[in-house]
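Computed from the coordinates by the stated procedures, all read-outs in this text should not be read as laboratory data. Bear in mind the structure is a predicted one, so any value in this text is a computation, not a measurement. Cβ coordinates were reconstructed from backbone atoms using ideal geometry, including for glycine residues, and neighbour counts include every protein chain displayed.
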Amino acid sequence: MRLLLVANETLGSPQVVEEVARRTEPEVLLVAPASAPRGMLAGSGHAARKRAKRRLRTTVDTLDGLGISARGQLGSAQPLEAVLAAARSFSPEEIVLTTYPSHQSEWSVDELVREARTRVTAPLHHVVVPAPANDAASETPPPRVIRLYHFAEPEDAARLEREGFTGASAGDDAPGGVWMIASRAGRRPAGRVAFAMDVPVSAVKRYEREPGFHDERRFFVPAAIVSRLGPLAPVEPTS
């Protein structure tokens, strides 16, 4: 489905990512109407657009890590015009507009939602995101990162290091999947080569499976997503 999501300061929030991720195989266009907050000087528009671009990149990267096709673009500083222009060019099947609560938003939220619904043909859903406690918290925080390990037979190690994962080399239980654990590399099975990569927790959270030994966390991640997350790096055993 073609999903248009219009947001600015709420971009990157868990609620926005979850709103997209709960839909089945969406093609997503993120549009940020980048206007300077009320009370800022006239020259602040450029800085506001830079912050919006940064939030767009972060959100697109997060969705890409979840296997969701997404792209982002800046829209008109007038949020209604940004919604209408994107709806004309993208022809979405569904529109999601996310804002802070009306009394904390820089937009005239109630008027915006009411007017947008009368002027677009696709269903429009308004999602309210709790505002951060202070302005510093409104910037998208860096994603939490987790180190995952994969253990390979020696005869497969050189190929994995050279080519990464493919559907054919995915895993033992299902085609296209890779078993990975968050644990000390020293717990590798005897005779296997350990590989490691640092990935955003949000990119692999949905693939977590039953716990392993002690404090291990186990993930069965689609091979295509593992390949996009970063290069494999062989690691030395630890004690």
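So here's what we get for this one:
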{"quantity": "Taking N as its residue count, the alpha carbon Rg of region 2-138 over 2.2 N^0.38 Å", "calculated": "0.98"}
{"quantity": "Approximate spin-label separation Ser76-His46, in nm, with each point projected 7 Å along Cα-to-Cβ", "calculated": "2.4"}
{"quantity": "Cβ crowding within 10 Å averaged over residues, with 55-62, 20-27, 66-73 ranked highest first", "calculated": "55-62, 66-73, 20-27"}
{"quantity": "Computed label-point distance, nm, for sites Glu111 and Glu27 using a 7 Å Cα→Cβ extension", "calculated": "3.5"}
{"quantity": "Length released on extending from Asp61 to Glu153, taking residue separation times 0.36 nm less the Cα-Cα span", "calculated": "30.0 nm"}
